[in-house]
Amino acid sequence: MTELQAGQAAAVPRIETQSQRTRYRDLLIALAAFVVLASLPMFFGSKALLDFVIRCSAFGLFATSLNLLVGYTGMISFGHGMFFGLGAYGFGLIMQRTGVPVPVAFVATLVITTVVATAIGAICVRLKEIYFAFVTLAFQMLIHSTILSWASLTGGDQGLRGGIKRPVFLGIDLSNHVHLYITSCALLVIGLLLMRQIAQSPFGYTLRMIRDNANRASFIGIDVWRAKLTIFVLAALFASTGGIIMALFVSGAYPEFAYWTISGEGIFINMLGGVTTFLGPMVGTVLLLTLNDTVTRLTEYYGIVLGIVILFFAVGLRKGLMDFVVEWFAQRRDGAGERAP
Amino acid sequence: MTRTRKPGVSRRATLAMMGAGAVTFATPWVARAQAKTIKIGMPTILSGRVAQLGTSSRNGVMLEVEKVNAAGGLAGRQIEMVIRDSKGQPQEAARVARELVNTDGCELLFDGEASSGSFAVHEVARDLGVLCIHTCSEASSLTADPKQHIPNAFRSVRQGIHDSIVGGSYAAAISKAKGLKKWATCSPDYAYGRDTTGEFTLYLKRFAPDVEIISESWPKLFQPDYTEVVTKILQAKPQALYSCLWGGDLTSYIDQANIYAMFSAMEVFAVNMADYTALTVVKNLPKGIHSGNRYIKTYPATAENAAWGDAYKAKYNEYPTNWSWQNATAVMLLSEAVKKANSTDGKKIADALRGLTIKCPFGADGTVTMRAEDQTLVGYAIGWGTTIPQEPYVPEVKAGDWKTIFELEAEWKKSKGYT
C-alpha cells in the first residue's frame, strides 16, 4: 500500500500540500474539542449529560466509520453493525475470561476485529452495490446467529452477564463514571482525528475516485480490491472501538449489538447528518440520540415521531442536515451552489 | 474534477450547531430538586412485538400504586411512577434506567424488562446501588447465579425452573396414567425455549423414566408459519407434545395445528397456554390442552384473586396477564417492606424485603415470600390444568407442591454449580 500511496502523492501534489496545511489545524481542533468535552463535568453536575456523551462516542465512532464506506468509497454496507457487536463481545469476553489489563483487551479486540474483518471483507468487497449490501447483511446475521446459539461462550440471547470488571490501569479507573467519560471522549476524538487523516490522505482521495468511477481508478493502476478491503478493515476497527465503549457503558454485551437494527441505525444516522461532510455522521449521531432521548421522555409513540423525521429528511430536505447547512453557507457566500466532492 | 470544498465552513457550521444544540437540550439535564413524592422509575417494553408486556405491566403497577397512594403512600410519601419505553433494546434499557435515577430523581427502580434487558438493568442497579425489583424476567439465572447476586436487587416473578419442576411432575403423572411414552417437543429457538424445554424433559424423565423424546422442533422466535413444524410432529406420531411457545407464537401455532387436527392426535402440554393473552386470542381453543397457570382469575380459587382480576378488567377493559400480577406483587411487597422499615431509604427497604412474607391474592396459600437467600419470589400460585374453549378456560388446576419445588430447585442449583 505504501508504494501506491507514494505514487498517488506524486500525482496529486496540490491535495498533499493542502492536507499538510489542514493537518495541524485538525489536530488543534481535536485538542480543543477534547479540552471542552473533558471540562464539561467541572461545569455540569448532570450524570445524564456524561452518559449522553459516552453514548455519542460509541455511536459517533460507529457512524463515522460507516461513512468512510458509504460516503467516501460508495460501499453501502448493511452489516457494519457486526463489528460494533464484535467489539463489544470481544472486549467483554476477554475481560471476563482472562482478567488481562484493559489496554491489552482493547488491543486484542482490535486484532480479532482485523482478522474477522479481513476474512469477511475479502469476500464482500468483490461485490458491488446491492450485492455488497446484502452479503454484508448476511454476514451480520451469521455473526448474530452465532452469538445466539453459542450460548456456553456468549450467554445466548441473555448476553454477557455478571458485569465487566475494569481493573485500574495507569491510574484510570473505568468503573468511575468520570474516568469512563474522559476515556470515551479521548477515544472519540482520537478516532475522529485518525478517520479524518484517512479521509484527507491520498488514500482517502483514492477512495473517492473509486466511488466516482471504479473503472477509471483501476485503469490508472489502482488496485481497487485492495483499497476497498483496506478501508473495510479500517472502518471495522473504528466500529469495534465504538462497540467497546458501549460494552463499558452497559457493563455487558448483548446480541442486539450485532443485530441488523444497529446497522440500520448507522445508515439512518448518516442520512440524518449527511454523508458529504466528514462531521455529518457525528452531527447525525447527536441528532438521533437527542431525538431518541427527548421523544422517549415524552411519549411511547417514538416510532411515529422518528418516521416523520425520516420523511422530512428523505422527502423534504433530500439530504442530511450537514449537507444542507454546508450548501446553504456556500450559496450565501458565493451565490452559487458548491458541493463537497 | 470538482472543486474541493473550502474547509472551515463545515466546521464553523458544526460548532455553531453544536453550541445551539447543547443549549437547547441541556435544559432537561439539570437535576431537579427532590420532592415530597417518591419517584419509582420503570424501564419496560412499550413498543414493538411484545408491547403487551409493558402495557399490562404498567396496568398491574398502576392498579396497586393507586391503592397505596389512596392509603397514604409509602411512609407518607405519594408514589409517582415514571415509566419509559426501552423498545426492547438492552442498551436503551440501561440508558433509560440510568436516566431515571440520575436525572429524573427516581429513588427506586422496577425493572419491567425481559431477557437481555433485565440483565442490563441489573448492571445499572449494581453500578448505582439503587434498590431494584425485577418484575418481568423469568430467567432463572438472574437470581440463582451467585455471580449475579447484589444486595439491592430483588425479583417478584415466577421462574422457569419452578415451572419446569411442576410441569414435569404433572406431565409424568398423566403419562403414567395414560401410558404416554413417546414425546415430542416444539419450543422457540432461544435461551428461554431451550432451557425450559431441557428442564421440563429432565423432570418428566425423572418422574416417568420410560418416557422417550422422539422428535424435537425449534421454530424461530416470532416465526409466522408453523406448517413444517406441525407436519414434522405429525409424521413422528408422538403420543404427547410439549411446547413453551408463548403469546402470539403460541396462538398462531395452535390456529395452524388445528387445521391438521393435531390436538385430537396427541396430548398437548403447553406451559404458557393458560394466560388470557393466549386463551382469548386463539380462534378455536381446543379442549383439553394441558397448561401451567400464567395468570387466571380462577386460580388460586379465592375471592381475593377473583376480585383482583375483575377490578383489573373493569379498569382496563381486558384481563390481566402474567406480567400484571408480577408487577402488582412488586408494589405490594414494596409497600409492606416500607411499612416494616418505616423508611423509604433503599437500604432499609432492602433489609425489610429479605425474607418478607406478605398476604397476596396470587399466593398458593394466600401469601408470597421474598426468599432471603437469593432475593426471589416463592410461594406464588403455581399449577397445571386442562383448557375448555370458554370461560373460565381452565376450570380445574392441580396445584404444584412447593416442598418438592424447593428440594428439586436446590438439587438443580447444585448441578449448575450455583451453590
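The values are calculated or read from the model by the stated rules, or taken from the named source; none is laboratory data. Keep in mind it's a predicted model, so treat the numbers as computed, not measured. Cβ coordinates were reconstructed from backbone atoms using ideal geometry, including for glycine residues, and neighbour counts include every protein chain displayed. With ligands, DNA and RNA removed, areas are computed over all heavy atoms of the protein, side chains included. Shrake-Rupley method; radii C 1.70, N 1.55, O 1.52, S 1.80 Å.
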Run the dipole for the stretch A:2-258 about the Cα centre, Lys and Arg Cβ at +1, Asp and Glu Cβ at -1, nothing else charged, and hand back the magnitude in debye, nearest 20. 280 debye
Under 26 Å from the Cα of B:LYS339, which lysines turn up, not counting those fewer than eight places away in the same chain? B:LYS36, B:LYS39, B:LYS67, B:LYS347, B:LYS348, B:LYS359
Helical contribution to [θ] at 222 nm, DSSP H n ≥ 4, -39,500 (n - 2.57), averaged over the protein assembly as shown, rounded to 500: -19000 deg cm²/dmol
Give the angle, between 0 and 90 degrees and rounded to the nearest 10, that separates the Cα long axis of helix B:90-102 from the longest principal axis of the Cα atoms of chain B. 50 degrees
Relative contact order of chain B, pairs being alpha-carbon contacts under 8 Å that are 6 or more residues apart, as %: 15 percent
Along chain B, longest interval not containing exposed chymotrypsin sites (Phe, Trp or Tyr not before Pro), exposed being DSSP loop plus at most 16 other Cβ atoms within 10 Å: B:1-221
Of all the stretches in chain B, which is the longest one without any exposed loop site, taking GluC sites (Glu not before Pro) in a DSSP loop (any state but H, G, I, E, B) with at most 14 other Cβ atoms within 10 Å? B:1-372
Based on the alpha-carbon gyration tensor of chain A and its eigenvalue square roots a ≥ b ≥ c, which shape applies: rounded if a/c is under 1.5, prolate if not and a/b is larger than b/c, or oblate? rounded
Sequence-distant residues sharing a close amide H with B:HIS134 (under 5 Å, placed H): B:ASP111, B:PHE154, B:ARG155, B:SER156
Among B:THR231, B:PHE269, B:TYR312, flag the residue with its Cα farthest along the positive direction of the charge dipole of the stretch B:211-329, charges on Cβ as +1 for Lys/Arg and -1 for Asp/Glu. B:TYR312
Accessible surface of chain B [probe 1.4 Å, protein heavy atoms]: carbon and sulfur percent: 55 percent
May I ask for the angle, rounded to the nearest 10°, between helix B:9-26 and the longest principal axis of chain B, with both axes built from Cα atoms and the value confined to 0 to 90°? 70 degrees
Taking R0 as 51 Å, what FRET efficiency do you get between B:ASN284 and A:VAL315 from their Cβ-Cβ distance, rounded to the nearest 0.05? 0.65
Give the long-range amide H neighbours of B:ALA274: residues separated by 5 or more places, or on another chain, with amide H under 5 Å away, using H modelled in the peptide plane at 1.01 Å from N. B:GLY292, B:ARG294
Taking the chain alone as reference and the full protein assembly as comparison, with a 1.4 Å probe on protein heavy atoms only, the residues of the stretch A:284-320 that lose at least 20 Å² of accessible area are A:THR290, A:ASN292, A:ASP293, A:THR294, A:THR296, A:ARG297, A:GLU300, A:TYR302
For the stretch A:104-202, rounded, prolate or oblate, judged on the Cα gyration tensor with a ≥ b ≥ c (square roots of eigenvalues), a/c < 1.5 rounded, else prolate if a/b > b/c? oblate
Computed from the beta carbon distance with a Förster radius of 25 Å, FRET efficiency for A:LEU170 and A:ARG97 to the nearest 0.05 stands at 0.65
Tell me the volume per residue, in Å³, of the convex hull enclosing the alpha carbons of chain B. 188 Å³
Along the stretch A:287-292, what does the Karplus equation 6.51 cos²θ - 1.76 cosθ + 1.60 (θ = phi - 60°) give for ³J(HN,Hα), rounded to whole Hz, x for Gly and Pro? 4, 5, 5, 5, 4, 4
Aspartates and glutamates whose Cα lies under 17 Å from that of B:LYS414, excluding same-chain neighbours fewer than 8 positions away: B:ASP145, B:ASP195, B:GLU199, B:GLU373, B:ASP374
Can you tell me how much longer the chain between B:ALA265 and B:LYS220 gets when fully stretched, taken as 0.36 nm per residue apart minus their C-alpha distance, in nm with one decimal? 13.8 nm
For B:THR419, the residues 5 or more places away or on another chain with a placed amide H closer than 5 Å to its own amide H are B:LYS414
Report the one residue of A:LEU86, A:ALA151, A:THR230 whose Cα lies farthest in the direction of the positive end of the charge dipole of chain A (charges on C-beta: Lys and Arg +1, Asp and Glu -1; origin at the Cα centre). A:THR230
Loop-resident sites, the stretch B:167-219, for trypsin sites (Lys or Arg not before Pro), counting at most 15 other Cβ within 10 Å (DSSP): B:LYS181
Restricting to lysines and to Cα separations under 17 Å from B:LYS182, and discarding same-chain partners fewer than 8 apart, the set is B:LYS205, B:LYS232, B:LYS237
Relative contact order in percent for the stretch A:2-258 (Cα pairs under 8 Å, 6+ apart) equals 41 percent
Angle between the Cα long axis of helix B:160-178 and the longest principal axis of chain B, 0 to 90 degrees, nearest 10? 10 degrees
Output row, site B:LYS178, 7 Å Cα→C-beta label point, backbone N cut-off 13 Å, window the stretch B:264-291, residues B:264-270, B:287-291
Hey, what's the stretch A:2-258 come to in accessible area per residue, 1.4 Å probe, Å²? 41 Å²
Considering Cα pairs under 8 angstrom that are at least six residues apart, work out the relative contact order of the stretch B:173-302 and quote it in whole percent. 23 percent
